[in-house]
Amino acid sequence: MRDIEFGKRLISLRKSAKQNERYTQTEAAEDIHISYKSLQNHEAGKLPNKANLKKYIDFYGCDKVWLLTGEGESPIGVDDQPSISEPRDINYKTIDTSFGTAVDALKEIFDSYDPVLIDAIRSNLYVFRLYARKDHQIKQQDRDIQELKEKYEELKKRFDSLEKRGVGSVQAGSGSHAHYGDATREKES
């Protein structure tokens with residue numbers, strides 16, 4: 001069962017655990033004595049089993065009811081944390097669309113450790129990569145087709161040139177063949 005709000009509360013606990021330092025999921029998982037993957041899943045909203053729930057409560061010193069429901073008294077310092085997933089008013093007309101700005105924005109999102117946002121970005125990047133590969137394949141096919149068209153046109157010009165010189169009325173099975181590369185013609189005797 002998923003409870004996104006539970007995950008947000010867990011993230012806010014981790015972020016408030018070290019006031020002025022970055023406290024990563026890896027560090028927290030080691031300190032709490034749970035697996036990194038479990039912590040990721042819990043911060044994404046998957047409810048922990050009783051043993052892991054107790055580890056969170058003991059480690060963070062928070063109230064069980066607050067952690068599970070958000071009701072009751074939150075731990076000191078947690079209320080000051082901004083909600084990670086709250087929509088922000090963004091003036092899209094003033095956004096710099098340079099690559100560097102996009103990378104900085106992605107870095108900020110990944111540094112927020114909001115598992116919902118990170119999963120959404122990863123999914124979108126995966127889909128984008130698939131489309132980019134498909135687009136690359138289509139462009140390569142277009143180049144191949146263009147190259148074949150050019151070769152066809154060149155061969156057609158050569159054939160027309162040979163026909164004008166009287167070198168190329170060759171019919172299948174007639175016993176004669178033409179070598180068009182140097183415009184020579186051979187006939188069987």
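The values are calculated or read from the model by the stated rules, or taken from the named source; none is laboratory data. In this text, all values refer to a predicted model and were calculated from it rather than measured experimentally. Note: ideal-geometry Cβ built from the backbone for every residue, glycine included; neighbour counts use all protein chains shown.
Odds and ends about this structure:
- Within region 1-12, the set of residues being among the aliphatic types (A, V, I, L, M), in a helix (DSSP H, G or I) and at pLDDT below 90 comprises I4, I11.
- Within region 1-43, being under 14 Å from Y113 (Cα atoms) and among the aromatic types (F, W, Y) holds for Y23, Y36.
- The residues of region 49-63 that are of a type outside the set (A, V, I, L, M) and touching a residue at least 12 places away in the same chain (Cβ under 8 Å), listed by number, are N52, K55, Y56, F59, Y60, G61, C62, D63.
- Qualifying residues in region 14-31 (those that are surrounded by fewer than 18 Cβ atoms within 10 Å (Cβ to Cβ) and in contact with a helix residue (DSSP H, G or I) (Cβ under 6 Å, 6 or more places away or on another chain)) - the one farthest from A120 (Cα to Cα): Y23
- Residue check, V116 under 25 Å from R9 (Cβ atoms) and either assigned to a loop (DSSP other than H, G, I, E, B) or modelled with pLDDT of 80 or more (or both): no
- Every residue from region 25-74 that is in contact with a Pro (Cβ under 7 Å, 6 or more places away or on another chain), part of a helix (DSSP H, G or I) and over 18 Å from D3 (Cα atoms): Y60
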